[in-house]
Amino acid sequence: MDIEGFTKELQKTIKPYRQDHTRYAQLPAVGHTREEIIQEMEDLFAREEPRWREGKVSGAVYHGDENHIAFQNKIYSINSQSNPLHFDVWPSATKFEAEIVSMTAHMLGAGFTQDEIVGTVSSGGTESIMLAMKTYRDWAKDKKGITEPEMIVPTTAHAAFDKASQYFNIKMIRIPVGSDFRADVAATKAAITPNTIVIVGSAPPFPHGIIDPIEELSELAMSHGIGFHTDACLGGFLLPWAEKLGYPVPPFDFRLPGVTSMSADTHKYGYAAKGTSVVLYRGREMRHYQYYVTTEWPGGLYFSPTFAGSRPGALSAACWAAMLSMGEKGYLDAARGILETAVKIKQGIRNIPELKVLGDPLFVIAIASDELDIYAISDVMTQKGWSLNGLQQPPAIHIALTQRHTQPGLAEKFLQDLAEAAGYVRAHPDMQGSMTPIYGMSGNVAFKGAVQEFIKGMIDMMFDV
Ligand SMILES: Cc1ncc(COP(=O)(O)O)c(C=O)c1O
């Protein structure tokens, strides 16, 4: 498919309701009835629900059980007016947030160190990561006088670190991963300069799900007096339970003395509604560099712990409620189901000729092929109703397993569809994946700019009514 054809297909995916739903470019002259709006909403919901409900989507909906969703919705509706910015009006929100942070910290090793592990609630993994990077920038400037800060980040770490580098003017030093997809410790050591403020490792990174050598990296950071951030956005609420279940989980949390901050997403395997995450620090002093405080503003003394001003207290309430309702046993049982499904799926993929699992991951499974166009396989999977993530360098796709995938028969269905997709592409050697040319271009320095422009055009498309 050429770029023009691809753009047309993309438009259909991004704006599927143009044909049969009214577009509102301006306010309606008179408001619609609530019943009408609810009806329209339910119609849209019904069209989108089956794919994620049935477990056809990688990641995205991590719990998704009907009763759990109804419970989250009920908690949200009780708290929909709450805003922790007004702590005097809604001290309940402040209580929820303090307890979310403390429960998360204790799950991630707070009880095993003399240091106090503290943090804040944020809106998601990206915000937690960006807050931590801003914190290191301000800490290093204040404590060490570093004005041209650098961060050392494995290539597999989440794009949010690059975003932080761009937003906060921190020079990004990317270090490679080895053939096992883990961050290269020697390359990290070689990249340290007097301007290094933080080293990053992920538990696990998004692309291949293979946990970085956090112990070695954090020791390296500690020996140089540098911060170390473990990005456990994806694994924070799963790895502690995987470890208890006896899976091979290398140390990654505050039990390691060199880990000075962490991010862990409650809205992923914490099973809270979308819109919350936790960022944690070793010690209150570090956390102070995250806060915003002004004493000069005519609007009064003002402060906020994170980037936002007003915040959705209802999401913190729902997060707190999710954690309380799951409890340790709930998280352990959920992890067991996901990890057992992963074992089944990894084994099944290894039985499909031409396909391979990259490394030996626990619950995010990246699939590649030396012979077939993996993006073409992904297209066939899309036709079969699946929504998988495309990866690059090397070309691959992945599925992040959630509770949705533990439904009876789902793993078998995935493997059957994947085997059929591989068979189809094998039988059609000329078939090219729709993403193949784009990924081909993005890996080529000469075309990087063109791909960036293409993506910006796609974002524009999203905001076209
Ligand atoms: C390892 C990792 N870090 C950070 C993030 C960013 O999280 P969010 O999408 O909530 O901003 C993700 C998202 O998948 C992730 O997998």
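General remarks:
- Straight-distance crosslink candidates among lysines, where the alpha carbon sits under 20 Å from residue 456 and sequence neighbours closer than 8 are dropped: 8, 12, 15, 163, 448
- Efficiency of FRET between residue 167 and residue 115 - r from beta-carbon atoms, R0 35 angstrom, step 0.05: 0.80
- Of the chymotrypsin sites (Phe, Trp or Tyr not before Pro) found in the stretch 205-308, those in coil by DSSP whose Cβ has at most 15 other Cβ atoms within 10 Å are 291, 307.
- Anisotropy class of the stretch 209-356 from Cα gyration tensor, a/c 1.5 cut: oblate
- Förster radius 35 Å - calculated FRET efficiency between residue 60 and residue 293 (Cβ-Cβ, nearest 0.05): 0.45
- Relative exposure of 375, 331, 167, judged by other C-beta atoms within 10 Å (fewest first): 167, 331, 375
- Charge-dipole axis of the chain as Lys and Arg at +1 and Asp and Glu at -1 on Cβ define it, positive-most pick from 409, 208, 310: 310
- Multiplying the residue separation of residue 444 and residue 77 by 0.36 nm and removing their Cα-Cα distance gives an extension gain of 127.2 nm.
- Cβ-based exposure ranking for 172, 41, in which fewest neighbours within 10 Å come first: 41, 172
- The chain - share of DSSP beta bridges that are antiparallel (%, nearest 5): 55 percent
- For the chain, the percent of C-alpha pairs falling in each 20 Å distance bin, counted from 0 to the bin holding the largest distance, reads 22, 56, 22, 0.
- Taking other C-beta atoms within 10 angstrom as a stand-in for reagent exposure, 139, 52 fall in the order 52, 139, fewest first.
- Coarse-grained scattering of the stretch 79-323 at q = 0.15 Å⁻¹, given as base-10 log I(q)/I(0) from a Debye sum over alpha-carbon atoms: -1.00
- Distance histogram for the stretch 347-465 (every C-alpha pair counted, 5 angstrom bins, percent rounded to whole numbers): 2, 10, 19, 22, 18, 13, 10, 5, 1, 0
- Per-pair calculated FRET efficiency, R0 = 25 Å: residue 33 and residue 7 via Cβ, rounded to 0.05: 0.10
FYI, it's all coordinate maths here, none of it is from the lab. Just so it is clear, the model here is predicted, and its values are computed rather than measured. Note that each Cβ is placed from the backbone with ideal geometry, even for glycine, and that neighbours are counted across all protein chains shown.
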